[in-house]
Amino acid sequence: MLFLLAILFLLGVAPARGEEPAVPAGNDEAAAVEDAGSEAEAVEPVTLSPSDTEVETHRSLDASAGYRFVETDGYGGRAAEYEYLRPSVTGAAHAAHLGKDLKLDIDGAYLNSNDYHATLDFDYAGYYRFDFRTESLFHNLDHETSPLPASLFTDAAPLERYGITARQDALHFRYKLRDYPIHLNLSYWLIDREGSAQLRFADFSFENLGASSLQSQSRRIDRTTQEGTAGFDAHLGPINLLYQFQIRQHDERGGTPADSFIAQPGPVEHNENPDSRFYSHTVKLYSSLAGGITGAASYSYARSENRSSLSTVIGADQARDTLQNAAGDFTYAPCAWFATAVRYRHQEVDRERPSTLVVSSLPGGVAGGRPLFDTVRDIISANVTIRPNTMLSVNGEYRGSFLRRDGVAAGEWNLPENSVTHNGTLTLLLRPFKGLRLRGLYGYSTTDNPSYGTSPEQKHEGQVLASYTRNGRWGATADYRVAREWNNHITRTTNPLDGSPSITYVLPADRVLAHAAAGLWISPTERLVLSGTVGFLRNRSDQAVLFASVLNGYQAASDYISQGELYSLNATYHAADSVDLSLALQELHSRAEFKPGTATDGGFSTAGVRELSRVKTIERSLSARADYRVSRHFACVLDYSFRDYDNRDGTLGEGSVHVVSASVKTIW
């Protein structure tokens, strides 16, 4: 209040202490009222600028500490794939200061040395903005075995447990020049992976098939990818300008494996993950995002470089790609019920390679691999949205992709020179009455020359989604999606080693994808909420498959089916003003099966392939939580979770994990 009185005094409108308010000269009526002893006062209104407005500062602080107990039965790595299965001390904290100029928010949680996250957000009066993120996650990896006898399969570390810790850091800084409409932007991103993984490779000899074998060994994982960006954006009247420079570098610090092979007794490097570097320059012009017409245009130049460090093969580090991208956007929204947008994208990729590779085991070097090809891709898309009223919304979209490859006509690559894809989608959103929401979608796409065997020639897709809520007491959702795609022009040509004629096979494919889900939630009382979900996913592919042998290939029809069903139940109960309880149950059934038919060429058998590829698993999980607020500033939390992985066709990956976490929390 004293602050406001001081402002009024400085503006000359506040009365002096102990004096009567002044009456403007010439206002006889006001003077008469004053002379009559009226209590009315004439005060001139004052408008305060936003900088003079008093803003309340909000502060909060909470922290918790506890212990996490972990018990495993069996492997456990598939039951809890992304959890570090070791007991540990846990903790979490959150602090916030939200003032007029200074805004600071810090949040973090710690489960163990391989699983944690922390964030920091800082803003001072809109001039300085800084945010930092760091997080770490552990990924359990399988240790696969082989049914082959010991003479054909060698595992150098049969008892090793594999896993990778992935740590990610991100930092962004933005500075606004006080007297100029310019922002400076800096950012840094890092992802670091450390751990070990299983490496399996074959030692094969054409001259002595009996000496061939499969090898397995541990591989140390130590790789880092760093990315930095610097740039600025400026408001130049009706046009905004943005420039950004980006550089990304990948470093493989774990080394490249080197082993002796039948054909090469000395150490030979293999399975390299080469270092690489990428950098780009981007310039963008765009109009204000407000208004009925907006536009944007951008251009970027980028280069990707292979930085291989192989000592037995020299020259791979001379391979590089140059990328040029151009884009343009135009949006027109003349009224509230109509909007349209047109977008154009253009990309050119020029590939370079060394003419000769120097191989230590081959005198004179070898040609630098297959001839490379350059690509040019153009994408045009148009979108129209019509909202005639609040009940109905219609959206139509077209997308055309035009791809051209230069250098594939020589036959070195089994890829088409040109490929054109047209895709259209129509979406209908309907709200016939309060609480009900309906959404329908139909899409169709066609490609004249699909690039790969998994690329469809034609595809139809349909989806229906419905949701309904009633009085905040109950609600339901239902979703069904079906898609069918096929390709009848997939061909593969064999190159027999025995000099026999090549054979070209036609391998048609037909795939159907279906997905359905339904959910229901109900709140019979204000303290209890129950919900349940059922989901179904099925993928079936009918396609001819080419089985390769040493001398030729053999064609056989095949049927691949993968299917999953999900069931879940959840309950939350506000038992008392200081007690909250929750329970969640989930069960997932999944199976996959590859069923090849009998080969069409002389005597070749596909027996046993179906049994080797069959997968049938059941995953179960249960989690429970109790939250008890002892007082206004203290609370206790108890968490329990159980996860189980059941392999019905074997023992690989089977196991269960029990986790109990207890913590004490304080809030201020």
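Taking the stretch 452-484, which residues are modelled with pLDDT of 95 or more and of a type in the set (D, E, K, R)?
Passing the criteria: K459, E461, D479, R481, R484.
Kindly provide the set of residues from the stretch 253-290 that are touching a Ser or Thr at 6+ places or on another chain (Cβ under 8 Å) and charged (D, E, K, R), ordered by number.
R253, E269, E272, D275, R277, K284
Is one or more of the residues making up the stretch 206-217 under 31 Å from the mean Cα position of the chain (by Cα) and buried (at least 16 other Cβ atoms within 10 Å of the Cβ)?
no
If you check every pair at least six apart or on different chains, which have Cβ atoms under 9 Å apart with a residue in the stretch 523-542 that is farther than 19 Å from Y573 by Cβ first and a residue that is at pLDDT 95 or above and among the aromatic types (F, W, Y) second?
Qualifying pairs under 9 Å: V534/Y567; G535/Y567.
Which numbered condition trips up G210, out of (1) at pLDDT 95 or above; (2) more than 30 Å from G231 (Cα to Cα); (3) of a type in the set (G, A, S)?
Every listed condition holds for G210 apart from (1).
Going through R625, R648 one at a time, which residue ends up being of a type in the set (K, R), surrounded by fewer than 16 Cβ atoms within 10 Å (Cβ to Cβ), at pLDDT 90 or above and within 32 Å of the chain's Cα centre (by Cα)?
Of R625, R648, the one residue that is of a type in the set (K, R), surrounded by fewer than 16 Cβ atoms within 10 Å (Cβ to Cβ), at pLDDT 90 or above and within 32 Å of the chain's Cα centre (by Cα) is R648.
Among the numbered criteria (1) among the polar types (S, T, N, Q); (2) at pLDDT 90 or above; (3) in a loop (DSSP other than H, G, I, E, B), which single criterion is violated by Q347?
(3)
So in the stretch 620-668, with the set limited to residues that are touching a Phe, Trp or Tyr at 6+ places or on another chain (Cβ under 7 Å) and in a loop (DSSP other than H, G, I, E, B), which one is nearest to L61 (Cα to Cα)?
Step by step, filter the stretch 620-668, then rank; the result is H633.
Considering (1) touching a residue at least 12 places away in the same chain (Cβ under 8 Å); (2) closer than 30 Å to Y127 by Cα, say which one R220 fails and leave the rest.
All conditions pass for R220, except number (2).
Take H117 and decide whether it is at pLDDT 95 or above, crowded, with 16+ Cβ neighbours inside 10 Å and over 19 Å from G195 (Cβ atoms).
no
Residues being assigned to a loop (DSSP other than H, G, I, E, B) and more than 17 Å from I314 (Cα to Cα): count how many of those fall in the stretch 247-268.
Total satisfying the criteria: 9.
Might you let me know whether the stretch 281-290 holds any residue that is over 18 Å from E352 (Cβ atoms), buried (at least 16 other Cβ atoms within 10 Å of the Cβ) and within 26 Å of the chain's Cα centre (by Cα)?
yes
Just checking, does the stretch 297-308 include any residue being within 30 Å of S260 (Cβ to Cβ) and not in a strand (DSSP E or B)?
So far as the stretch 297-308 goes, yes, one or more of its residues are within 30 Å of S260 (Cβ to Cβ) and not in a strand (DSSP E or B).
Pairs needed: first member in the stretch 130-147, surrounded by fewer than 16 Cβ atoms within 10 Å (Cβ to Cβ); second member anywhere, modelled with pLDDT under 95 and of a type in the set (F, W, Y); C-beta distance under 7 Å; at least 6 residues apart or different chains.
Close Cβ pairs (under 7 Å, with a partner that is modelled with pLDDT under 95 and of a type in the set (F, W, Y)) amount to S146/F153.
Does D155 qualify as being more than 22 Å from I221 (Cβ to Cβ), surrounded by 16 or more Cβ atoms within 10 Å (Cβ to Cβ) and charged (D, E, K, R)?
Judged against the criteria, D155 is not a match.
Of the numbered conditions (1) more than 30 Å from H94 (Cα to Cα); (2) outside any strand (DSSP E or B); (3) not assigned by TED's automatic domain parsing to the domain that holds Q543, A607 satisfies every one except a single condition; which is it?
For A607, the failing item is (3).
Give the residues of the stretch 454-490 that are touching a residue at least 40 places away in the same chain (Cβ under 8 Å) and either on the phi > 0 side of the Ramachandran plot or in a strand (DSSP E or B) (or both), sorted by residue number.
G472, W474, G475, A476, T477, A478
Which one of D123, D192 is in a strand (DSSP E or B), modelled with pLDDT of 95 or more, in contact with a Ser or Thr (Cβ under 9 Å, 6 or more places away or on another chain) and surrounded by 13 or more Cβ atoms within 10 Å (Cβ to Cβ)?
D192
What single numbered condition from (1) loosely packed, with under 13 Cβ neighbours inside 10 Å; (2) in contact (Cβ under 8 Å) with a residue 40 or more places away in the chain; (3) of a type outside the set (K, R); (4) over 30 Å from F153 (Cβ atoms) fails to hold for L242?
Status for L242: all satisfied but (1).
Free of Cβ contacts under 8 Å to residues at least 24 places away in the same chain, surrounded by fewer than 16 Cβ atoms within 10 Å (Cβ to Cβ) and either assigned to a strand (DSSP E or B) or not assigned by TED's automatic domain parsing to the domain that holds Y344 (or both), is that true of Y442?
Yes.
Which one of the conditions (1) under 30 Å from the mean Cα position of the chain (by Cα); (2) buried (at least 16 other Cβ atoms within 10 Å of the Cβ) does T312 fail to meet, given that it meets all the rest?
Against the list (1) under 30 Å from the mean Cα position of the chain (by Cα); (2) buried (at least 16 other Cβ atoms within 10 Å of the Cβ), T312 comes up short only on (1).
Which one is modelled with the lowest pLDDT, of the residues in the stretch 57-107 that are more than 21 Å from E194 (Cβ to Cβ) and of a type in the set (K, R)?
K100
Output the number of the condition that R307 fails; it satisfies all remaining conditions of (1) within 28 Å of the chain's Cα centre (by Cα); (2) within 30 Å of N395 (Cα to Cα).
The one condition R307 does not meet is (2).
What number of residues within the stretch 370-404 satisfy the criterion of being closer than 20 Å to G453 by Cβ and over 29 Å from the mean Cα position of the chain (by Cα)?
Residues flagged as closer than 20 Å to G453 by Cβ and over 29 Å from the mean Cα position of the chain (by Cα) within the stretch 370-404 amount to 2.
The values are calculated or read from the model by the stated rules, or taken from the named source; none is laboratory data. Model, not experiment: these values are computed from the prediction. All Cβ positions, glycine included, derive from the backbone under ideal geometry; neighbour counts span all protein chains shown.
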